[in-house]
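Novice: Can you read through this structure? Questions will come right after.
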Amino acid sequence: MLPNECKGIWTIGEVRNGEINPVSYELLAWGRKLADKLEIELSSIILGNGIKEELTELFHFGADVVYAVDHAKLEHFLPDVHARIYEALVKEYKPEIIIASATTYGRTVMPILAAKLGTGLTADCTELDVDVRERILLQTRPAIGGNVMATIKTPAHRPQMSTVRPRAKKPLTIDNSRNGKIILKSYPPEFYKSKYRWISFEKDESVASPIQESDVIVAGGKGMKDGGNFKMLYDLAKKLNGAVGASRAAVDMGWIPYSHQVGLSGKTLSPRFYMAVGISGAVQHIAGMSSSEVVVAINKDPDAAIFKVSDFGIVGDALEILPVLIKKLSNEVNENG
Amino acid sequence: MKIAVLVKEVPATDKVKMDEKTGTMIRSEMESELNPLDMYAIEEAVRVKEKIGNTHVIAISMGPPQAINSIREAIPMGCDYGYLMSDKYFAGADTLATAYTLSAAIRKLGKFDLIFSGERATDGETGQVGPSVATQLGMPVVTYVSKVEKISDGIVRVCRSVEGGKETVEVELPALLSVVKEINEPRIPNLSGKIASKSKEIPLLTAKDIKVSSDKVGLSGSPTRVVKVFYPKLSRDGKILKVKNVESAVNELIKFMKERGVI
Ligand SMILES: Cc1cc2nc3c(=O)[nH]c(=O)nc-3n(C[C@H](O)[C@H](O)[C@H](O)COP(=O)(O)OP(=O)(O)OC[C@H]3O[C@@H](n4cnc5c(N)ncnc54)[C@H](O)[C@@H]3O)c2cc1C
Ligand SMILES: Cc1cc2nc3c(=O)[nH]c(=O)nc-3n(C[C@H](O)[C@H](O)[C@H](O)COP(=O)(O)OP(=O)(O)OC[C@H]3O[C@@H](n4cnc5c(N)ncnc54)[C@H](O)[C@@H]3O)c2cc1C
């Protein structure tokens with residue numbers, strides 16, 4: 001599609017277990033800023049089963065229009081079905097920008113859709129802006145293990161597509177007075193034919209709060225000495241409403257599952273607060289956490305590299321410090337109600 | 001069965017240089033290696049071959065001539081053949097053009113039942129090439145695969161590692177699976193395999209060989225453009241406290257966390 005035939009910004013909402021996932025609201029915060037600059041409509045696209053009730057929330061968080069498809073076959077994520085519906089929607093309504101979250105969902109459905117549409121897709125952005133005169137999206141993302149930042153644009157193809165890092169932006173303050181237009185779409189049965197069959201989902205309690213979607217991460221490394229000591233990190237994470245991350249060394253020791261690994265060969269995160277406990281700060285680890293807003297480190301080696309990328313550090317024995325920290329935080333929480 | 005594994009040559013992880021003007025990486029003066037996450041894709045392909053029998057695994061890469069080294073690393077792990085797509089026209093490709101080239105190569109090399117890719121390359125880090133290759137070949141893709149449970153009657157059943165747990169799905173073959181690190185423990189090839197791989201013939205295929213027109217590959221086939229590259233400042237010059245007394249150190253930490261709105 002050509003630039004002059006397209007208009008509007010779309011955000012790809014996510015539904016999990018029948019509920020609109022908060023990343024959908026984060027996306028509206030990203031999109032609102034751009035839509036206001038370009039003076040165009042901001043839409044949220046939602047596919048799911050039994051989602052009609054919740055749709056007005058999307059207006060409260062910044063959407064002007066909601067495109068929704070509600071169908072029993074959308075209960076689970078069948079990539080071909082989702083991509084087919086998005087493709088039909090895009091061809092009918094012609095948005096100029098599509099933003100999704102860089103979750104496992106967004107990172108799967110967006111490259112499929114971009115390939116179908118033959119357009120560009122920029123991955124895992126931490127910053128989006130627009131050149132208002134040229135009406136071009138400026139997409140900035142870290143690459144090569146956080147060593148470089150690249151600004152990327154899609155000059156001649158439409159829509160311009162990007163995924164953005166979950167948690168890098170907060171949803172807008174909720175405004176219950178905002179309202180908008182809901183466009184409910186339905187598609188013929190052949191749209192729901194799939195090469196996939198969904199079998200089951202097994203919840204993993206240890207990733208109940210997935211690290212990619214946490215504002216606060218407490219991460220442990222080899223300096224934790226023993227898998228059992230990770231319990232302290234879980235306690236601390238609970239106090240701070242966060243999740244537990246780990247270095248590769250800790251994962252390799254079998255102290256915590258791989259899904260918690262932060263770094264080059266694990267997850268890349270931008271939480272509001274990252275605490276590295278007993279982690280030396282190897283480049284491959286820093287690659288996964290350097291864009292965190294606030295970083296704190298606890299390490300007994302004053303020369304550990306992790307201190308260079310920290311806003312606050314304590315040189316000392318983590319196994320002595322953690323119990324005191326947890327206890328003091330409990331008191332804080334009790335005092336505050 | 002016929003299985004393809006997509007492997008990428010990446011700069012060795014700790015030293016990388018970029019040309020700030022063109023936004024492309026300066027590769028020549030750098031050490032490079034097989035993308036570490038692709039070893040899991042190779043290993044899984046070889047495990048499927050060992051289980052099913054009567055199967056060939058073919059490693060396919062697109063890159064400059066030295067990327068042949070990645071294929072030479074893949075072969076002793078159990079791949080039967082390797083092909084490198086290399087042509088000056090392929091340079092500067094984004095993920096769409098990379099996937100276009102790889103899908104044309106796969107078509108040219110025959111009918112594959114399964115294709116494996118890594119979760120992401122450690123340089124570009126988009127994770128988009130696998131899903132895009134599958135789509136351009138008109139086949140389904142399963143991402144974040146952490147286990148291949150069974151393959152029978154033209155269907156593969158796999159587990160995916162997603163937010164909050166594991167999802168099990170089945171998909172019709174042919175299909176592309178992009179695998180995560182937890183799927184297996186890659187084998188270390190033995191020396192004789194490594195030596196044999198050195199003399200193995202690895203054909204180089206050009207745009208002409210795989211019948212793609214030069215305007216659909218490389219920079220001219222890429223919808224995206226890198227317009228600016230900069231180096232983020234990683235160091236933070238934070239306050240580092242040496243513990244004399246644990247209580248007071250923790251008090252300072254809590255004070256800091258309050259100042260920054262963490263608690
Ligand atoms: C291709 C590749 C990919 C990689 N990917 C990743 C990745 O994704 N993530 C990752 O983390 N690593 C990754 N690594 C590994 C990385 O290079 C390091 O080996 C790893 O991060 C080290 O983990 P660590 O800091 O826990 O352990 P160590 O480096 O052993 O550090 C332990 C630290 O704990 C401190 N310590 C010890 N005892 C105590 C105590 N009682 N109290 C406080 N501090 C203490 C020590 O001073 C030390 O600094 C990768 C490596 C390669 C080659
Ligand atoms: C700083 C920077 C940022 C970039 N950002 C983007 C962007 O946002 N969007 C975009 O479209 N392009 C981007 N590119 C271009 C992109 O890096 C290249 O297209 C690259 O060839 C493939 O992408 P990747 O490295 O992200 O691979 P990924 O998609 O992360 O690789 C996933 C898997 O695909 C397979 N694979 C990938 N490349 C090859 C190959 N050449 N040969 C064989 N198998 C392969 C491997 O199995 C690999 O594990 C960027 C490049 C740079 C230098």
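Novice: Would you confirm, using the coordinates I've provided, whether B:Lys166 is away from ligand 1 (no atom under 16 Å from the Cβ), open to solvent by 20 Å² or more (accessible area, probe 1.4 Å) and at the interface with another protein chain (Cβ under 7 Å from one of its Cβ atoms)?
Specialist: The answer is yes for B:Lys166.
Novice: Could we say that B:Val180 is under 15 Å from the mean Cα position of the chain (by Cα) and away from ligand 1 (no atom under 16 Å from the Cβ) here?
Specialist: Considered against the rule, which asks whether it is under 15 Å from the mean Cα position of the chain (by Cα) and away from ligand 1 (no atom under 16 Å from the Cβ), B:Val180 comes out as no.
Novice: Could you tell me which of the residues A:Ser186, A:Ser247, A:Ser259 is away from ligand 1 (no atom under 16 Å from the Cβ) and in contact with a strand residue (DSSP E or B) (Cβ under 9 Å, 6 or more places away or on another chain)?
Specialist: A:Ser186
Novice: Being at pLDDT below 95 and in contact with a Pro (Cβ under 6 Å, 6 or more places away or on another chain) is true for just one of B:Met18, B:Met39, B:Met30, B:Met25. Which residue is that?
Specialist: On inspection, the qualifying residue turns out to be B:Met30.
Novice: Every residue in region A:14-25 that is in a helix (DSSP H, G or I) and open to solvent by 10 Å² or more (accessible area, probe 1.4 Å), please.
Specialist: Looking only at region A:14-25, we keep the residues that are in a helix (DSSP H, G or I), and these are A:23-25.
Of everything in region A:14-25, just one residue is in a helix (DSSP H, G or I) and open to solvent by 10 Å² or more (accessible area, probe 1.4 Å), namely A:Tyr25.
Here's the yes/no breakdown for (1) away from ligand 2 (no atom under 16 Å from the Cβ); (2) among the aromatic types (Phe, Trp, Tyr); (3) closer than 21 Å to B:Arg160 by Cβ:
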residue	(1), (2), (3)
A:Lys181	yes, no, no
A:Lys195	yes, no, yes
A:Trp198	yes, yes, yes
A:Asp204	yes, no, yes
A:Lys231	yes, no, no
A:Gln261	yes, no, yes
A:Met275	yes, no, no
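Novice: Report yes if B:Asp80 is acidic (Asp, Glu), under 19 Å from B:Thr135 (Cβ atoms) and over 16 Å from the mean Cα position of the chain (by Cα), otherwise no. Don't jump to the end; show me each part of the working.
Specialist: Values: acidic (Asp, Glu): yes; under 19 Å from B:Thr135 (Cβ atoms): no; over 16 Å from the mean Cα position of the chain (by Cα): yes.
So B:Asp80 fails the test.
Novice: Quick one: B:Lys194 ticks every box in (1) facing another protein chain (nearest Cβ under 10 Å); (2) of a type outside the set (A, V, I, L, M, F, W, C); (3) not in a loop (DSSP other than H, G, I, E, B) except a single one, so which number is it?
Specialist: The single condition B:Lys194 does not satisfy is (1).
Novice: Among the strands (runs of 3 or more DSSP E) lying completely within region A:83-179, list those that include at least 1 residues that are away from ligand 2 (no atom under 13 Å from the Cβ) and either open to solvent by 20 Å² or more (accessible area, probe 1.4 Å) or more than 8 Å from chain B (Cβ to nearest Cβ) (or both).
Specialist: A:97-101, A:127-131, A:136-143
Novice: Okay, moving on. So which of B:Thr126, B:Thr98 ends up being in a helix (DSSP H, G or I), touching a helix residue (DSSP H, G or I) at 6+ places or on another chain (Cβ under 7 Å), within 8 Å of ligand 2 (Cβ to nearest atom) and farther than 23 Å from B:Met1 by Cβ?
Specialist: Criteria check complete, one pass: B:Thr98.
Novice: Condition test on A:Val218, is it in a helix (DSSP H, G or I) and within 12 Å of another protein chain (Cβ to nearest Cβ)?
Specialist: It is false that A:Val218 is in a helix (DSSP H, G or I) and within 12 Å of another protein chain (Cβ to nearest Cβ).
Every residue, every condition in (1) facing chain B (nearest Cβ under 7 Å); (2) more than 14 Å from B:Ala249 (Cα to Cα), yes or no:
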{"residue": "A:Ala287", "(1), (2)": "no, yes"}
{"residue": "A:Val294", "(1), (2)": "yes, yes"}
{"residue": "A:Ala297", "(1), (2)": "no, no"}
{"residue": "A:Asp301", "(1), (2)": "no, yes"}
{"residue": "A:Ala305", "(1), (2)": "no, yes"}
{"residue": "A:Asp311", "(1), (2)": "yes, yes"}
{"residue": "A:Ile314", "(1), (2)": "yes, no"}
{"residue": "A:Leu319", "(1), (2)": "no, no"}
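Novice: Right, here's the next one. Output the residues belonging to region B:131-146 that are within 17 Å of B:Lys8 (Cα to Cα) and more than 8 Å from every other protein chain (Cβ to nearest Cβ). Steps first, please.
Specialist: We begin by selecting, within region B:131-146, every residue within 17 Å of B:Lys8 (Cα to Cα); these are B:131-134.
Within region B:131-146, just B:Val133 meets the criteria.
Novice: With the structure loaded, tell me whether A:Ala249 is outside any helix (DSSP H, G or I) and either more than 16 Å from ligand 2 (Cβ to nearest atom) or more than 9 Å from every other protein chain (Cβ to nearest Cβ) (or both) or whether it fails that test.
Specialist: So A:Ala249 does not fit the description; no.
Novice: Which one is nearest to ligand 1 (Cβ to nearest atom) among residues in region B:94-117 that are within 11 Å of chain A (Cβ to nearest Cβ) and open to solvent by less than 10 Å² (accessible area, probe 1.4 Å)?
Specialist: Filtering first and then ranking leaves B:Ala99.
Novice: Of the residues that sit in region A:291-302 and are within 25 Å of A:Ile144 (Cα to Cα) and open to solvent by 10 Å² or more (accessible area, probe 1.4 Å), which one is farthest from ligand 1 (Cβ to nearest atom)?
Specialist: Among those that are within 25 Å of A:Ile144 (Cα to Cα) and open to solvent by 10 Å² or more (accessible area, probe 1.4 Å), it is A:Glu293.
Novice: In the set B:Lys211, B:Lys200, which member is at positive phi, in a loop (DSSP other than H, G, I, E, B) and in contact (Cβ under 8 Å) with a residue 40 or more places away in the chain?
Specialist: B:Lys211
Novice: Something else: If you take the residues in region B:229-263 that are open to solvent by less than 70 Å² (accessible area, probe 1.4 Å) and more than 7 Å from every other protein chain (Cβ to nearest Cβ), which one is nearest to A:Thr140 (Cα to Cα)?
Specialist: Filtering region B:229-263 for residues that are open to solvent by less than 70 Å² (accessible area, probe 1.4 Å) and more than 7 Å from every other protein chain (Cβ to nearest Cβ), the one nearest to A:Thr140 (Cα to Cα) comes out as B:Gly261.
Novice: Then there is this: Report, by residue number, each residue of region A:257-281 that is out of contact with any Asp or Glu (no Cβ under 8 Å at 6 or more places or on another chain), in contact (Cβ under 8 Å) with a residue 40 or more places away in the chain and either within 7 Å of another protein chain (Cβ to nearest Cβ) or open to solvent by 10 Å² or more (accessible area, probe 1.4 Å) (or both).
Specialist: Result: A:Leu264, A:Lys267, A:Gly278.
The values are calculated or read from the model by the stated rules, or taken from the named source; none is laboratory data. Note that the coordinates shown come from a computational prediction; the quantities given were computed from them, not determined experimentally. Quick reminder, even Gly has a Cβ in these numbers, built from the backbone with ideal geometry, and neighbours come from all protein chains shown. The protein model used for the area step is the full one, side chains on, heavy atoms only, and it has no ligands, DNA or RNA in it. Shrake-Rupley method; radii C 1.70, N 1.55, O 1.52, S 1.80 Å.
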